[in-house]
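The values are calculated or read from the model by the stated rules, or taken from the named source; none is laboratory data. What you are looking at is a predicted structure, and each value in this text was computed from that prediction instead of being measured. Backbone-built Cβ (ideal geometry, glycine too); neighbour counts: all protein chains shown.
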Amino acid sequence: MFDDQTILKCNTDDLPDNIIGAAVLVESGKVQHAGIFVRYNGESKLFHFTSKDVLLEDVNDKDIYFFKVFSFIKPALTPAFLAHCQIVLKEAQPKFGYFYVGAEYDADGKFRSLGDFPEYMTCVGFCLNFLKYFTNGVDLFEVDDWTTSDLKRSEEYLEKFLARVKEENPKLDMEAFRKGLRRIWPTEYFSGNYSPSLPVRKQFVDGILDQVTGSLLTKARA
């Protein structure tokens, strides 16, 4: 199930020319951020949402990023995958928020969600919304397994966020939007990549989360 030898640094020299995987940043002793690792023709890049901007950038030696290959995306798809990254890079306009309902960036890079919700998401939510294009519309994670209790944010914080969303989207059904408040953490995103099937269930993630997190932190200190 879990093999820590499959966790590799994104700046490793002797990688295959074409691979795609889940990536996370380890910083200050914590797994702080998530993205997608794309290596095409020997050039390694990170595709991610910083909470302000969507970036497709070269891997550097300064930041400690790790990745694990996605089993559901074959290396032969790397050119098409990178092309979709470039399309979404031009079209996506996400705003940061703890919201995820299993949306998708379509072939034209447009954000689509049931209920026509606005484009709020975390770094992980961006990855999941992007990747859904390559899973024939199957959510990578079982949405309803995660709830507002996983946010680990105060009620005051959430109410301020909801007030801002309402101000920015006056016609939005706020009760429906509130039901989409959830967060899948970077460690959960990375751990879920070990699941043998989609969508990933929270019970599976919980079963290996400590092992995966411990391995990431250990490797970052090495």
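Computed quantities for the displayed model
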quantity: Residue within segment 138-156 that is of a type outside the set (D, E, K, R), in contact (Cβ under 8 Å) with a residue 12 or more places away in the chain and over 23 Å from Phe96 (Cβ atoms) present; calculated: yes
quantity: Candidate set: segment 158-212, residues that are of a type in the set (Ser, Thr, Tyr) and surrounded by 15 or more Cβ atoms within 10 Å (Cβ to Cβ); chosen: the one nearest to Tyr120 (Cα to Cα); calculated: Tyr189
quantity: Asn136 vs. criteria under 24 Å from Phe81 (Cβ atoms), modelled with pLDDT under 95 and polar (S, T, N, Q); calculated: yes
quantity: Test: residue in segment 130-144 that is loosely packed, with under 15 Cβ neighbours inside 10 Å, assigned to a helix (DSSP H, G or I) and either aromatic (Phe, Trp, Tyr) or more than 16 Å from the chain's Cα centre (by Cα) (or both); calculated: yes
quantity: Neighbours by Cβ (under 7 Å, 6+ apart or cross-chain): first from segment 105-133, closer than 13 Å to Val143 by Cβ and of a type in the set (D, E, K, R); second surrounded by 24 or more Cβ atoms within 10 Å (Cβ to Cβ) and at pLDDT 95 or above; calculated: Lys132/Leu140
quantity: Selection from segment 152-193 of residues that are closer than 16 Å to Phe141 by Cβ, of a type in the set (A, V, I, L, M, F, W, C) and outside any helix (DSSP H, G or I); calculated: Leu181, Ile184, Trp185
quantity: Boolean, Lys110 is over 18 Å from the mean Cα position of the chain (by Cα) and either at pLDDT below 95 or not acidic (Asp, Glu) (or both); calculated: no
quantity: Residues of segment 18-38 that turn out to be closer than 22 Å to Gln86 by Cα, more than 17 Å from the chain's Cα centre (by Cα) and without any contact (Cβ under 8 Å) to a residue 40 or more places away in the chain, as a count; calculated: 0
quantity: Flag if Pro118 is assigned to a loop (DSSP other than H, G, I, E, B) and under 30 Å from Pro75 (Cα atoms); calculated: no
quantity: Near pairs, Cβ below 6 angstrom, 6+ apart or cross-chain, from segment 3-14 (over 17 Å from Asp58 (Cβ atoms)) to any residue that is among the charged types (D, E, K, R) and part of a strand (DSSP E or B); calculated: Thr6/Lys68; Ile7/Lys68
quantity: Thr122, sole failed condition from (1) over 12 Å from the mean Cα position of the chain (by Cα); (2) within 19 Å of Leu158 (Cα to Cα); (3) among the β-branched types (Val, Ile, Thr); calculated: (1)
quantity: Which listed residue is over 20 Å from Phe49 (Cβ atoms), under 16 Å from the mean Cα position of the chain (by Cα) and among the charged types (D, E, K, R), from Arg178, Arg201, Arg182; calculated: Arg201
quantity: Residues satisfying the stated conditions in segment 197-219, i.e. part of a loop (DSSP other than H, G, I, E, B) and touching a residue at least 40 places away in the same chain (Cβ under 8 Å); calculated: Leu198, Pro199, Arg201
